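One structure is given below, encoded as structure tokens.
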């Protein structure tokens, strides 16, 4: 025999269903297409100040939701991307130096060792730049200039270290190792160059 539910239970159930249906559907987790488009336009325009605008845009547009239209955030993301590339390349050269066959040319081994050392320095400098960027603007205009000066100096030093890496291969005979390393270094340098350009733009325009 069925047990009849009391009227107040049925009334509560009907009210609960009505309230649920009237509640707005949450939109958290679904970015506004207009906002994303504006962010992409901002990134594309900002990348126009770099030496490699197409690479700049393709590498940064995937972070449009995080960047929005914030030049400080754009510079931070660009530095973070260049750091990831530099770390990856340092790891690659470490592996190559352990396993490559240098034949009778010790200059290849020496160039690889120097290149790995230079990229180690570049990684430290880019990491320091990113850390400094996270503290920028916390204490007024004078602090901003000082902090951005540090970021610019370290990013410039990182780019110089990356340049020095390939300089060591000038006297190395052509071969698979030299070609691969120089190709990868040239691409990593583009990311660092782009990041430095965006840092310089922010340093010039972002004084609080």
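Nothing in this text is a laboratory measurement; each read-out follows from the coordinates by a stated rule. Model, not experiment: these values are computed from the prediction. Ideal geometry is used to build each Cβ from the backbone, glycine not excepted, and the neighbour counts take in all protein chains shown.
For the pair residue 70 and residue 131, the difference between a 0.36 nm per residue extended length and the Cα-Cα distance amounts to 20.2 nm. Once C-alpha pairs closer than 8 Å and six or more residues apart are averaged by separation and normalised to the residue number of region 35-205, the relative contact order reads 31 percent. In this rough spin-label picture, where each label sits 7 Å from Cα along the Cβ direction, the residue 145-residue 40 distance is 4.0 nm. By the Kirkwood approach, averaging reciprocal distances over each pair of separate Cα atoms, region 35-205 gets a hydrodynamic radius of 16.7 Å.
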